[in-house]
Amino acid sequence: MKKTLPHLLMTIFVTCVLWSVVVIPSQAQPAGWSGNDELAFLLEINGVSAADSDVENPIPVDLADDVTMGLSIAVGSDIHIYGAVFKFEYLSIPVFSQDIPIDTPVFAPYVGSLLNETYPLADMIPSNVSLISGTISGSFSFTYALLSDMSTNKTSYDDFVLRIGPTGLAAVFSISGMITLGFTLMSIISILFSLDEFQGDILAARKMRRANSAADVGIFPRAVVLRRRRQKESRETLSENEIVQLVSQAASKVWDGKRCPQCGKKWKSQLPFCKKCGISREAGRLHFSQDIAECAPKALKAVPYGGKVTVGKFCKRVKLKPAKGGALAAALTEMKVFQTKDVKVPMRKLMFAGMTVAGIYMSWLQMLGGAIPTLIDIAIMMAGGLAVSVLLALLMKWLARIPPFGYD
């Protein structure tokens, strides 16, 4: 997006070059000036010289106040000035560019004040930049040629840095600061949830590794992935009634007896019956196996041929609680209907969260530390964050490995 400077600025600039009456004897170039011996200039923004401005010493600019600009030139050789250019960039993205045509000769020695005006910053920089709190890099340059060699164009330029909006902790409460803070909190929370999931997955894998068969596991954890053969490779020849009967027998072996299958109350191990509903332990085991067996036909449809689902999703499809659904999955795996050989881990979630945190780190440096990162810097930082996250995710996946159970 381009914006034009006020016509008054253009008129004063060109008029001062052509008919300046403020001419003083040429003298040694003082500190704070930019350019070279042929064409030097003093650009001041809010009283700070562009030559003295850098990342460590940015020019403070408040978007609510006007900006004061002063420009003087010192010519040491006979030159022809073609024009000047103002440029502003945010994260290496151009947000403003203004060409100022001049096209006039200037003879040495010449020192003149070309500009000393106050302007609203909104007239120079697009309004959407008002959302920014941080640093903006700028540059000002003259294009000219020596009268003795008009075939070669030269440039006299200098870069400067503007500090937009509040500094320090106050920058956090700006619009861009609040957005950055929001993304940071979301990424950190995502990482914490991912690590918590990894911890559960590692514990689930440890339980699976301690068993010699699916029946030994008893109740599959929610993160275990169930797989089913493709239909053309299927060896399932049992009828529905036979599957129900076999599942009932297998399920009766995996009930842990911790909760009553009828009322759901915790079952004290020293009692032979449920304290709430009075069901005996043997009757509870039978009730548990019958509930699971009734869902066996539905379970075959819950995992299509050639498909795979986690035990947690499997429980939702067959409409069973995790204890019964996990037991049903274990029973069908023992019957070699399903196969398990891995635990689902949140690798993508961790990788993208780590990448986002690394990218947001550059935003914090830009907003609080006054850094001027480019898009390449941000891309490199995000790539580094992604690489670290991938290595961490692979380590977690290795810790969550399990032995294969089910069909071969």
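The values are calculated or read from the model by the stated rules, or taken from the named source; none is laboratory data. These figures come from a predicted structure and were not determined experimentally. FYI the Cβ positions are ideal-geometry reconstructions off the backbone, even for glycines, and counts take in every protein chain you see. For accessibility, only protein heavy atoms count, side chains too; no ligands or nucleic acids. Shrake-Rupley method; radii C 1.70, N 1.55, O 1.52, S 1.80 Å.
Peptides 352-360, 138-146 ranked from most to least packed, by the mean per-residue count of other Cβ atoms within 10 Å: 352-360, 138-146.
When peptides 308-319, 202-213 are ranked by their average number of other Cβ atoms within 10 Å per residue, the highest-first order is 308-319, 202-213. If the segment from K319 to I376 were pulled out straight at 0.36 nm per residue, it would be longer than the present Cα-Cα gap by 15.5 nm.
Heavy-atom accessible surface of V67, to the nearest 10 Å², is about 10 Å², with a 1.4 Å probe and all protein chains retained.
For the listed peptides 398-405, 332-339, a ranking on the average number of other beta carbons within 10 Å per residue, highest first, reads 332-339, 398-405.
Using the Cβ-Cβ distance between S77 and M178 with R0 set to 41 Å, the FRET efficiency works out to roughly 0.20.
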